[in-house]
Amino acid sequence: MHRLGISVYPEHSTQERDFAYMELAAKYGFSRIFTCLLSASSDPMVIKREFGAFLNKAHELGFEVAADTNPQVFKNLGASPENLEVFHELGLDIIRLDGHFDERQDVLITRNPYGIKIEFNGSLDTDVERLIRHGADRRNMTICHNFYPERYTGLSQKTFDRANEKWASLGMTTAAFVSSQEEHTFGPWEVYQGLPTLEADRTLPIDAQVRHMVACEGIDDILIGNAYAAEAELAAMAGVKLTNTTVKMDPAEGLGEAERDAVFRFTHTGREDASEYLLRSSFPRLQFKDREIPFRPCDKRTFTRGDVLVVNDNLAHYRGEVEIVLTEVENDGQRNLAGRIADTDVRILDEMEKRPGHAFEII
């Protein structure tokens with residue numbers, strides 16, 4: 001099951017604002033927090049006092065907390081890969097390694113006696129396989145992608161997919177970041193252009209980003225990289241169905257009741273014997289054997305990628321089948337145009353096309 005999360009940066013805000021944001025996110029069912037110790041005060045007493053209070057509040061609200069660290073943070077706190085006592089005393093759940101130690105120490109840190117999980121960078125070609133072969137505890141290791149504050153530097157879909165295939169083959173739990181579209185959001189540094197993992201997510205509505213992450217099927221936990229997301233965004237994320245792919249459709253003018261039922265009332269399953277032209281959901285046909293779907297004229301001579309069609313009475317044997325166009329097809333009068341996949345969601349078709357036979361819903 002996917003989990004939703006937020007990011008909180010105490011060194012750039014106030015305890016009052018952070019706690020209010022955490023309470024709001026908890027209200028909507030969020031259960032993970034990402035934070036960063038890389039830019040925190042170098043005074044270990046300040047870190048222990050302020051970060052300890054933050055962690056206590058997070059745990060009180062039911063959050064699991066991961067903190068970005070590197071060897072310098074360890075040095076400041078008097079910690080080492082073989083001695084995580086200070087992180088245990090603070091109550092930290094996950095240590096994310098932004099910078100690594102040597103191989104021996106990266107193995108030993110996963111075998112800490114406190115059960116603190118060690119999170120590795122999922123956006124780089126981290127040699128986790130080698131660590132496991134050399135004794136790292138797979139059960140105590142997780143993966144989290146980077147976020148990218150600078151415009152045009154986020155991951156491409158191809159790079160993202162390649163990395164996630166690797167982590168899936170190792171049975172790793174994964175996390176990635178989406179980005180709030182609120183103005184004046186921030187992260188650990190003074191860059192204000194969003195904090196997504198995927199560059200294509202940078203300017204999209206947050207619910208569309210989450211729907212895409214779910215459709216990719218390579219990510220477990222979905223975290224907002226920047227703070228503070230609006231309450232409406234938290235609600236929108238919480239409203240996304242996380243159990244299977246959902247794709248948003250803009251309905252065509254004059255959409256009839258029967259067509260509407262065929263499109264929206266079913267959990268669809270793409271056919272495994274997939275066509276390069278249409279993503280077909282045949283199950284609705286069973287419900288339309290004795291129910292008419294009259295031909296409804298459409299002025300499009302051809303249907304194009306993203307058009308959603310419903311087979312009509314002119315091809316009665318297949319009446320009620322819901323089809324999403326992948327490659328341009330002729331409008332031969334046998335299919336009614338039900339609508340079009342929303343511009344924000346068209347790329348979800350790429351993911352659906354990769355996985356014939358998978359369940360999806362049109363919303």
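The values are calculated or read from the model by the stated rules, or taken from the named source; none is laboratory data. Everything numeric here is computed off the predicted structure, so don't read it as measured data. Neighbour counts are summed over all protein chains in view; Cβ atoms, including those assigned to glycine, are modelled from backbone coordinates with ideal geometry. Ligands, DNA and RNA are stripped out before the accessible areas are found, and what is left, the full protein with its side chains, is counted by its heavy atoms. Shrake-Rupley method; radii C 1.70, N 1.55, O 1.52, S 1.80 Å.
Going by what's in this entry, would Thr304 be described as touching a Lys or Arg at 6+ places or on another chain (Cβ under 7 Å), of a type in the set (Val, Ile, Thr) and open to solvent by 10 Å² or more (accessible area, probe 1.4 Å)?
When the stated conditions are applied, Thr304 does not pass them.
Quick check on my filter: what residues within region 258-273 are more than 20 Å from Ala215 (Cα to Cα) and in contact with a strand residue (DSSP E or B) (Cβ under 7 Å, 6 or more places away or on another chain)?
Selection gives Glu259, Ala262.
Do you know which residues across region 244-260 are modelled with pLDDT of 95 or more and under 30 Å from Ser169 (Cα atoms)?
Thr245, Thr246, Val247, listed by residue number.
State which residue pairs qualify: first residue touching a residue at least 60 places away in the same chain (Cβ under 8 Å) and open to solvent by 20 Å² or more (accessible area, probe 1.4 Å) and inside region 232-260, second residue of a type in the set (A, V, I, L, M) and in a loop (DSSP other than H, G, I, E, B) in any location, beta carbons under 6 Å apart, and separation of 6 or more residues or different chains.
Once the first residue is touching a residue at least 60 places away in the same chain (Cβ under 8 Å) and open to solvent by 20 Å² or more (accessible area, probe 1.4 Å) and sits in region 232-260, its partners that are of a type in the set (A, V, I, L, M) and in a loop (DSSP other than H, G, I, E, B) give Lys248/Ala342; Lys248/Ile363; Asp250/Ala342.
I'd like to check something: does region 323-344 contain any residue that is under 23 Å from Ala215 (Cβ atoms), of a type in the set (Lys, Arg) and without any contact (Cβ under 8 Å) to a residue 12 or more places away in the chain?
No, the conditions are met nowhere in region 323-344.
Among residues belonging to region 93-108 that are part of a loop (DSSP other than H, G, I, E, B), out of contact with any strand residue (DSSP E or B) (no Cβ under 6 Å at 6 or more places or on another chain) and not aromatic (Phe, Trp, Tyr), point out the one that is modelled with the highest pLDDT.
That would be Asp102.
For region 175-202, which residues satisfy the criterion of being over 24 Å from Leu124 (Cβ atoms) and within 15 Å of the chain's Cα centre (by Cα)?
Passing the criteria: only Ser180.
So in region 130-166, with the set limited to residues that are in a helix (DSSP H, G or I) and open to solvent by 80 Å² or more (accessible area, probe 1.4 Å), which one is farthest from Met352 (Cα to Cα)?
Looking at the filtered set, the residue picked out is Arg133.
Taking the options Ala176, Ala215, name whichever one is farther than 30 Å from Ala136 by Cβ, open to solvent by less than 10 Å² (accessible area, probe 1.4 Å) and touching a strand residue (DSSP E or B) at 6+ places or on another chain (Cβ under 8 Å).
From the options Ala176, Ala215, the qualifying one is Ala215.
Residue under question is Ser275, and the condition is that it be surrounded by 21 or more Cβ atoms within 10 Å (Cβ to Cβ), under 30 Å from Gln157 (Cα atoms) and among the small types (Gly, Ala, Ser); does it hold?
Judged against the criteria, Ser275 is not a match.
Between Asp201, Asp221, which is acidic (Asp, Glu), at pLDDT 95 or above and in contact with a helix residue (DSSP H, G or I) (Cβ under 7 Å, 6 or more places away or on another chain)?
Asp201
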